[in-house]
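The values are calculated or read from the model by the stated rules, or taken from the named source; none is laboratory data. Note that the structure is a prediction, hence the values are computed from the model and not measured. Virtual Cβ from ideal backbone geometry, glycine too; neighbours counted across all protein chains shown. Accessible surface is based on the protein model in full, side chains and every heavy atom, while ligands, DNA and RNA are left aside. Shrake-Rupley method; radii C 1.70, N 1.55, O 1.52, S 1.80 Å.
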Amino acid sequence: IYINTEAFQSLVRRRLVAAVERITGGRAEIGSFHTIPFRLQVEVRNITVHGREAVTDVPLAHADNVIGRLKITSLLRSELAFHDLVFDHPVVHVVFYPDGTSNFPKRSSTFTTQASVEQLFALSITHLEFRQGRILWDDQTVPLDFSVRDTSLQMEYSYLHERYNGRFLLGLVDTRLQDCRPFAWMTSADFTLNSDSADFSSLKWNSGHSNLSASGQITNFRRPRLQAAYDAQVDLIEAASITRRRELRAGFLE
């Protein structure tokens, strides 16, 4: 009964806003918050994160609805664990300004020696889905619409180096490209994210008998430049099946 009261809803909304602002460094807004206690289901409506963009611009991130169903084990550990996490109409907006900065918010550089690194979150999701979303990268639009199985993400922020350190795993991603057959793949990466560059010490991708392993750096997010060392093997029979190229009947590319 208490969980469905306005007092509890307001308490959770305030704490959720504070948690999102701590993780992103931006200003967060949440329209409403609804729970179904016996199903451990949470629904957040109209969640928005504002960065350094103008008030009249599209915000840094927005989703009409976020629906999550928690695992019971998540209540006993510091790691958040979900059976399902679904984003409806998510929009991520990244814009770069003439001085080289972006609309990503800057985190406070105040820290103590004992707390120079802050763990932002540890997250695991059995089923993650983005429905009819978009990434607005400067003047480019990238569709964001896919479903993933067995996802995990850990992030921490180093105040000393002013950068994010993270590790993520996408267990099984179902993908459909135009004029191609559906196919599934998985990937994992260890990375460091700076204000205008990203380093990945390990990146692994595989689909069927095809795989890729790489390490390197992406610089200048406005006009990205990739420098990497990589090793890849592609099963051409599988590639031919996905791309519907009947003339390619056998082979392996390394």
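Only one of these conditions is not met by D199: (1) assigned to a strand (DSSP E or B); (2) in contact (Cβ under 8 Å) with a residue 24 or more places away in the chain. Which number is it?
Failing condition for D199: (2).
Confirm whether S195 is touching a Ser or Thr at 6+ places or on another chain (Cβ under 8 Å) and either open to solvent by less than 30 Å² (accessible area, probe 1.4 Å) or among the aliphatic types (A, V, I, L, M) (or both).
Criteria not met by S195.
How many residues are crowded, with 16+ Cβ neighbours inside 10 Å and in contact (Cβ under 8 Å) with a residue 60 or more places away in the chain when one looks only at the stretch 152-192?
1
So which pairs qualify, if the first residue must be in the stretch 239-254 and among the small types (G, A, S), the second must be part of a loop (DSSP other than H, G, I, E, B), the Cβ gap must be under 7 Å, and the two must be at least 6 apart or on different chains?
What qualifies is A240/L248; S241/R181.
Can you tell me which residue in the stretch 11-64 is most open to solvent (accessible area, probe 1.4 Å), limited to those that are under 26 Å from S102 (Cα atoms) and polar (S, T, N, Q)?
Of everything passing the filter in the stretch 11-64, T56 is most open to solvent (accessible area, probe 1.4 Å).
Just to verify a result, which residue in the stretch 127-151, among those that are polar (S, T, N, Q) and open to solvent by 100 Å² or more (accessible area, probe 1.4 Å), is modelled with the highest pLDDT?
That would be Q132.
Which residue, of Q178, Q227, is at pLDDT below 90 and either closer than 20 Å to W137 by Cβ or not acidic (D, E) (or both)?
Testing whether each residue is at pLDDT below 90 and either closer than 20 Å to W137 by Cβ or not acidic (D, E) (or both) leaves just Q178.
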